[in-house]
1. Rank-order 207-215, 61-69 by packing density, defined as the average count of other C-beta atoms within 10 Å over each peptide's residues, highest first.
2. Longer than 20 Å from Cα to Cα, which of Lys4/Lys262; Lys4/Lys55; Lys55/Lys260; Lys214/Lys262; Lys260/Lys416; Lys3/Lys143 are they? Say none if no pair is.
3. Could you state the per residue volume, in Å³, of the convex hull enclosing the Cα atoms of the range 105-151?
4. Gly125: net charge of surrounding residues, Cβ under 15 Å, Lys/Arg +1, Asp/Glu -1, itself excluded?
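FYI, it's all coordinate maths here, none of it is from the lab. From a predicted model like this one, the values you see are computed outputs, not experimental measurements. Every residue, glycine as well, gets a Cβ built from its backbone with ideal geometry; the counts of neighbours run over all protein chains shown.
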Amino acid sequence: MNKKYIFLFLFVDFIFLFLITSQYLLNIGYSETYFKILEFQNIFLSLYAITTIYKINNNWFSLEILFIGCFNIFLNMRNILNFFFPDLYEAYNESARLTNFIFSNSTFIELNFMLLFTMLSIHIGMLLGFVKYNKFANMSIPKANYIFNLKLGYIIFFIGLFAYLAKMMIYIKIYFTMGYEAIYLDNSTPWIISLLDNLFLLGFIFIMINKIEKRKAKMFFIIFVLLSMVGLISGARAKAFLYILNALWLYSTVYSYKIKFKTLFLFVVSLFLLASIIQLLRHNDTISFSGIFSIFYSLGVSVLVNGFVIEFKENFTETVSQYTGFLLNPLIGLFNAITGNYMPQDERIGTIHQSLADALSYFLFPDKFLAGHGLGSSFVAEIWLFGGGSMISVVIFSLILGFFISFVQNKLIYTKYGLFVAANIVMYILFANRNNYLTIFTFFVLMFCFVLFLKIFFSFINSLEIFNKQSQRKTK
């Protein structure tokens, strides 16, 4: 880790923070030229963040760079496309559910500043994490603890694999008989399949952290990635994309594989081109330049969540309990999942700690929401609303998130149980751009609870073996 650069980049960050804050407080107002300037600043800041992180850790596949990349794919992509291809891609438009809705000029400005403050604050948090945890840079990943039993990992993986394939077959059957949208309206997937499907990733993590022979590790890695790509057929592009990134991060972390930028770039472009072609074929669309790159535009839909909460701010910040409820929802959701208290969409409306995704989707298109549709969420919108529409709240929570990401990459993975915990929350960290903020920390705690359960379970098994051996000696 190149520590000499960290303080220099921190100094530059605070200069950027001063310039962005000055623009925000001056309230320059909307114009086409200034809007383009703000878009350019967002693009430049993201490139600067990726370049500086790589300069420090020399790892294109670090969790910090992956997060910044996902931030740009899910939240900044429509800025990028509009900046470079203004004739092909409008900046913000949601014609699928709200016919040709365009945000007000003030929303355009506020939204771009929201993204600027978020990205810069996350970058500062990451750099502060580098300062705190740079001493762990030259450590090696510890050997997996005995509780992460390899044989148990194989069993979990193959159970999850068959459940995942069964789920995909059900999705494909629904698609060819009733159409794509029916996948999310039809409830024909047995609950046991949906439950066991989660074991696919968990089993893969068990196997990888045991540092099995590299040839076998590549085989399991290829199986996992190829089967994850099957999800593209069902339309679960984001989940498939995040599964693959999770697998690549874990493999490169365990086996110290340093991917080259050229290889990474070609892989990402190929993956998105494949996903775009599948999407076009699925909808019987003509393959064209704009069509192939439309997947980037569609993945960038999460920026609309932030735009809508700004546009209709007064509807989401009436009371403290209302807008704090969005942030606290993952805690309530986890409790409901553990207790089996699953609530249909129509029953979730009006609950004290409803999710932002539910509240916003119902507000914008109630009929379609009750029919099973939704817009999703974004951690940026949540933390902005938590402060009552304040950029101060965005800065504080983004700093915490950036620091936590650096903690996971530069400290947690080198601890006794840390790699297992980290591998299980990487997807939630990357998905936070179109999901909840506290989901990351909820699963962080949950995974440590799972580790505690494994310790108790194997301690009990060991004590039984010792007891049986002692009994056998007495009988002799």
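1. Details: 207-215: 17.0, 61-69: 22.4.
Packing order, densest peptide first, comes out as 61-69, 207-215.
2. Checking Cα-Cα distances, Lys4/Lys262; Lys214/Lys262; Lys260/Lys416; Lys3/Lys143 exceed 20 Å.
3. In the range 105-151, the Cα convex hull volume per residue is 136 Å³.
4. Working: positive: Lys132, Lys411; negative: Asp13, Glu64.
Spelling it out: positives minus negatives among the neighbours equals 0.
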